[in-house]
Each structure stands twice: as C-alpha cells, then as structure tokens.
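Bear in mind that the values in this text are calculations on the coordinates, not laboratory data. Remember, predicted model here, so these are calculated numbers, not experimental data. No Cβ is skipped: glycine too gets one built from the backbone with ideal geometry, and neighbour counts run over all protein chains shown.
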Amino acid sequence: MKPRIAIDGPAGAGKSTVARAVARQLGLAYLDTGAMYRAITVAALRENIDLEDGDALGRLTRRLQLDIQSGEDNQNVIFLDGENVSEAIRLPVVSRGVSYVARCPEVRDVMVDKQRQIGARGGTVMDGRDIGTNVMPDAEYKFYLTASLGERARRRLAELTAKGETLELPQMISEISARDKIDSERECAPLKAADDAIHIDTTEMTTEEVISTIVHTVNGQ
C-alpha cells in the first residue's frame with residue numbers, strides 16, 4: 001500500500017499548499033480536511049445557525065451531502081449538496097467561524113469518519129489539525145508545520161489581498177491568534193503535534209524548501 005502522510009499545524013503555516021504539492025510530486029491523493037469543516041461553516045452561516053449550537057450543527061452536518069473531487073493542480077473541489085463552494089469556503093467570514101464548527105464533537109464525528117475512510121485506502125496526503133494524532137495516527141509519515149504568528153498573518157493577508165479582500169495586519173494577527181487558542185484548547189481532538197511527528201518551522205523557509213524537505217524525507221534521501 002502506498003504511504004499515508006499526515007501534515008498538521010496551525011492556521012497560516014502553509015499546510016494546504018505544501019500538502020497539495022507533496023501529493024503531486026509523490027503521485028498520491030490529497031485531502032484538505034480543513035475545507036470540509038469550512039463547507040459546513042458555509043452552510044451554517046447561510047442558515048443562520050449559531051456556531052456554538054452543537055446539536056444544530058450536528059443535524060446540519062448529517063443531512064448535508066459533501067463531495068470532494070480532485071481539480072486542476074491537485075486542488076480539492078468542494079461540493080455541498082451539488083453546489084461548488086470552493087470559493088465560498090475561503091471567505092474571511094468563514095475563516096473567522098470555522099474553528100467554532102471544527103471543535104464541535106457532533107460535526108467532527110461525521111467528518112473524521114469520512115477522513116478515516118479515505119485514509120484507509122492508503123496513498124494519501126492529508127492536512128489539518130489532528131491528522132497525525134486522531135485521523136491517521138498510524139500514518140507512515142507525520143509532519144507538523146509551524147511559523148511565527150506574524151509570518152502566518154502576513155501570508156494569510158497576502159492571500160486575501162490577491163483576492164481583492166481588504167484587511168489590516170493587526171486584525172489578521174488577532175484573528176489567527178484567536179483561532180490558535182480555540183484550536184489548541186478545544187476538548188475534542190485539539191491542535192497538537194503527534195509525538196512522532198517531524199517538526200518543520202517554515203518561518204524562514206520558502207514553500208519550495210518545505211516541499212523538498214518532506215519529499216526527500218519520504219523518499220529516504
């Protein structure tokens with residue numbers, strides 16, 4: 001069976017970009033688990049559901065049809081009840097709310113089950129907050145990416161600016177700091193590195209250097 005690779009880390013550490021490229025170079029499938037929680041967040045916001053109402057979020061998650069397909073450049077294309085929400089899930093309002101949805105046990109039960117089914121097939125690169133500790137604890141390779149808070153905020157700000165969104169750096173730092181707190185302190189599968197994960201501080205690294213580090217590790221170089 002082809003290897004399973006878990007890539008975890010906080011918001012803005014570059015997980016998705018790196019994981020997608022690693023999967024492409026190694027000829028593996030890629031799954032952005034964060035996009036799954038973002039899709040549920042989009043649906044909850046549209047239906048004006050309180051993001052701290054676990055029962056309501058659980059009911060919503062169980063009745064939604066969530067499909068993930070592989071698109072151009074190995075991007076995950078996310079469909080929610082048949083609608084392509086790949087752009088909608090990246091809106092700032094979704095970024096601000098997704099940590100509340102992701103910490104909900106009723107939502108996680110459904111999402112983690114889907115993720116484990118995909119991981120069980122092998123040959124998958126999966127990124128998120130709890131992949132190495134909870135979703136694929138027996139993955140052959142585990143990595144934990146991080147970077148300074150300021151650098152992570154600058155990266156996210158650059159992404160939003162490129163999409164025409166306007167946000168100030170102090171606000172972005174505040175939002176990412178708040179997400180870190182929620183993700184790391186939630187009771188259900190909190191953000192943390194697996195004991196056997198390889199830590200990579202990407203603050204002073206280019207994306208290509210991070211990708212190369214992981215690919216060389218997997219290839220035994």
With springs connecting C-alpha atoms under 10 Å apart, model the chain as a Gaussian network and identify which of Val18, Val110, Val210 has the largest mean-square fluctuation. Val110
Between the stretch 169-206 and the stretch 124-152, what's the alpha-carbon centroid distance in Å? 10 Å
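Given Lys15/Lys114; Lys2/Lys114; Lys163/Lys192; Lys114/Lys142, which pairs have Cα atoms separated by over 27 Å?
Numbers: Lys15/Lys114 20 Å; Lys2/Lys114 19 Å; Lys163/Lys192 30 Å; Lys114/Lys142 20 Å.
Beyond 27 Å between Cα atoms: Lys163/Lys192.
Which value, in debye to the nearest 20, describes the size of the charge dipole of the chain about its Cα centre when Lys and Arg Cβ atoms bear +1, Asp and Glu Cβ atoms bear -1, and nothing else is charged?
Working: 28 positive and 35 negative charges, 56 e Å.
Using Cβ point charges on Lys, Arg, Asp and Glu, the chain gives about 280 debye.
Taking every pair of Cα atoms in the chain, average 1/r, invert it to obtain the Kirkwood radius, and report Rg/Rh to two decimals.
Across the chain, the Cα-based Rg/Rh ratio is 0.94.
What does the charge count around Met1 come to, taking other residues whose C-beta lies under 11 Å from its C-beta (Lys +1, Arg +1, Asp -1, Glu -1)?
Numbers: positive: Lys2, Arg4, Arg121; negative: Glu140.
Around Met1, the surrounding residues sum to +2.
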Hydrodynamic radius by Kirkwood for the stretch 10-67, inverse mean 1/r across distinct Cα pairs, in Å, is 13.2 Å
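Have a look at the DSSP beta bridges in the chain and tell me what percent are antiparallel, nearest 5. Could you put the intermediate results ahead of the total?
Numbers: 7 of 24 bridges.
Of those bridges, close to 30 percent are antiparallel.
Using helices alone, what [θ] at 222 nm do you get for the chain, with -39,500 (n - 2.57) per DSSP H run of 4 or more residues, divided over all residues and rounded to the nearest 500?
Numbers: 8 runs with 105 residues, N = 221.
After summing the helix terms and dividing by the residues of the chain, the value is -15000 deg cm²/dmol.
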Need the C-alpha centroid separation for the stretch 85-120 versus the stretch 1-29, integer Å. 17 Å
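To make sure I understand, if each residue's beta carbon is the centre and we count other beta carbons within 10 Å, what order do Cys104, Cys188 fall in, fewest to most? Don't jump to the answer; show the numbers that get you there.
Details: Cys104 25, Cys188 15.
Starting with the residue having the fewest Cβ neighbours, the order is Cys188, Cys104.
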Where a label projected 7 Å from the Cα of Ile182 along Cα→Cβ would reach, residues of the stretch 94-127 with amide N under 15 Å: 94-108
When a footprinting reagent is the concern and you count Cβ atoms within 10 Å, what order do Ser148, Ser86, Ser99, Ser212 take, fewest first? Ser148, Ser212, Ser86, Ser99
